Amino acid sequence: MKHLGILAHSTGGAALCFLTFCEEGFRRTGRNEHPDVTLDYTAFGYSMAAWDAGDHATVRATLATSAQRLARAGADFFVCPDNTAHMALAVPGPDLPLPGLHIAEVVADQAAAEGYTRVGILGTKYTMNGPLYPHALAARGIAAELPDTDDRELVHDVIFKELVNGVINDASRQDYLRVIERLAARGCDAVALVCTEIPLLITPDVSPLPTLDSTRLLARAAYDVAVGERTMPSWRGGSR
């Protein structure tokens, strides 16, 4: 079995990815066993000034340091359970020391497998306004639909004022559900939860649309790699 490295860049998403990966072992085998996993985390708060300045190269350097530590810990490959971080990982630079699964590719593959044609995107303003998901979905013939400007601000504010701090607020859940309803009215047949903390707030049983949970999809894809049911990734940063 392969040793997974979790390259964390936000707290709740990384914790959920770790938990899902470990629980997948019990779900599949009935035993409390799973491939080895190591998590490395430099608090994302240290990178916020760079994010706000659009300085993705500085964020990439921080993430690369985590990847180096994962490699030294014996990890064979990595996942980064933070969608926005992939915008920094995509910046040209030296190859990362480990190959990694690309979260947008995992989510887009699942959207294609389930036959969706128009997917709403919920994430940070960096992710929603960026090319990550429009490109990954378009490569599979799927349209990406963004919330309107006010809804994007609401979604982003809840992430940074509540979700990344472990605050789960029912009023915010209702706000998100209304955003999803508006995406459904615009023809979306699924919604991608592409901030890895959003699945803590929006679960499939309450969502007006089927959900693509980027956190759990990534963790399960990582388990597949670790047990040899999915090809080892080759991506080491840079554009896909």
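Please go through (1) of a type outside the set (Asp, Glu); (2) outside any helix (DSSP H, G or I); (3) surrounded by fewer than 15 Cβ atoms within 10 Å (Cβ to Cβ) for ALA171 and return the number of the only condition it doesn't satisfy.
(2)
Is there a residue in segment 178-193 that is under 19 Å from the mean Cα position of the chain (by Cα), assigned to a loop (DSSP other than H, G, I, E, B) and under 20 Å from PHE18 (Cβ atoms)? Step through it out loud before you land on a result.
From segment 178-193, those under 19 Å from the mean Cα position of the chain (by Cα) are 180, 190-193; that's our starting set.
Then keep just the ones that are assigned to a loop (DSSP other than H, G, I, E, B); that gives none.
No, every residue in segment 178-193 fails to be under 19 Å from the mean Cα position of the chain (by Cα), assigned to a loop (DSSP other than H, G, I, E, B) and under 20 Å from PHE18 (Cβ atoms).
(1) in contact with a Lys or Arg (Cβ under 9 Å, 6 or more places away or on another chain); (2) part of a helix (DSSP H, G or I): which one isn't true of ARG216, the others all being true?
(1)
Evaluate the following for ALA192: is it in the same structural domain as ALA15 (by TED's automatic domain parsing) and buried (at least 22 other Cβ atoms within 10 Å of the Cβ)?
Considered against the rule, which asks whether it is in the same structural domain as ALA15 (by TED's automatic domain parsing) and buried (at least 22 other Cβ atoms within 10 Å of the Cβ), ALA192 comes out as no.
Restricting the search to segment 24-41, which residues are under 18 Å from PHE77 (Cα atoms) and either in contact with a helix residue (DSSP H, G or I) (Cβ under 7 Å, 6 or more places away or on another chain) or among the hydrophobic types (A, V, I, L, M, F, W, C) (or both)?
Within segment 24-41, GLU24, HIS34, PRO35, VAL37, THR38, LEU39, ASP40, TYR41 meet the criteria.
Which residue pairs have Cβ atoms under 7 Å apart, sit 6 or more places apart or on different chains, and have a first residue in segment 66-86 that is among the acidic types (Asp, Glu) and a second that is part of a helix (DSSP H, G or I)?
Pairs found: ASP82/GLY13.
When segment 154-168 is examined, which residues are found to be surrounded by 13 or more Cβ atoms within 10 Å (Cβ to Cβ) and assigned to a helix (DSSP H, G or I)?
If the condition is that a residue be surrounded by 13 or more Cβ atoms within 10 Å (Cβ to Cβ) and assigned to a helix (DSSP H, G or I), then LEU154, VAL155, HIS156, ASP157, VAL158, ILE159, PHE160, LEU163, VAL164 are the ones that fit.
Can you name the number of the only condition in (1) modelled with pLDDT of 95 or more; (2) within 20 Å of ILE142 (Cβ to Cβ); (3) small (Gly, Ala, Ser) that SER239 fails?
(1)
When you scan segment 160-175, how many residues do you find that are under 23 Å from LEU132 (Cα atoms) and out of contact with any helix residue (DSSP H, G or I) (no Cβ under 7 Å at 6 or more places or on another chain)?
So the first thing to find is which residues in segment 160-175 are under 23 Å from LEU132 (Cα atoms), and the list is 160, 163-164.
Subsequent filtering for residues that are out of contact with any helix residue (DSSP H, G or I) (no Cβ under 7 Å at 6 or more places or on another chain) retains 160.
Number satisfying all stated conditions: 1.
Just a yes or no: is a residue in segment 132-142 in contact with an Asp or Glu (Cβ under 7 Å, 6 or more places away or on another chain) and part of a helix (DSSP H, G or I)?
Looking for residues that are in contact with an Asp or Glu (Cβ under 7 Å, 6 or more places away or on another chain) and part of a helix (DSSP H, G or I), one finds at least one in segment 132-142, hence yes.
Here's the yes/no breakdown for (1) part of a helix (DSSP H, G or I); (2) without any contact (Cβ under 8 Å) to a residue 60 or more places away in the chain; (3) not polar (S, T, N, Q):
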residue: GLY115; (1), (2), (3): no, yes, yes
residue: THR127; (1), (2), (3): yes, no, no
residue: PRO147; (1), (2), (3): no, yes, yes
residue: ARG152; (1), (2), (3): yes, yes, yes
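The values are calculated or read from the model by the stated rules, or taken from the named source; none is laboratory data. Bear in mind that the values here come from a model prediction, so they are computed numbers and not experimental data. Note that each Cβ is placed from the backbone with ideal geometry, even for glycine, and that neighbours are counted across all protein chains shown.
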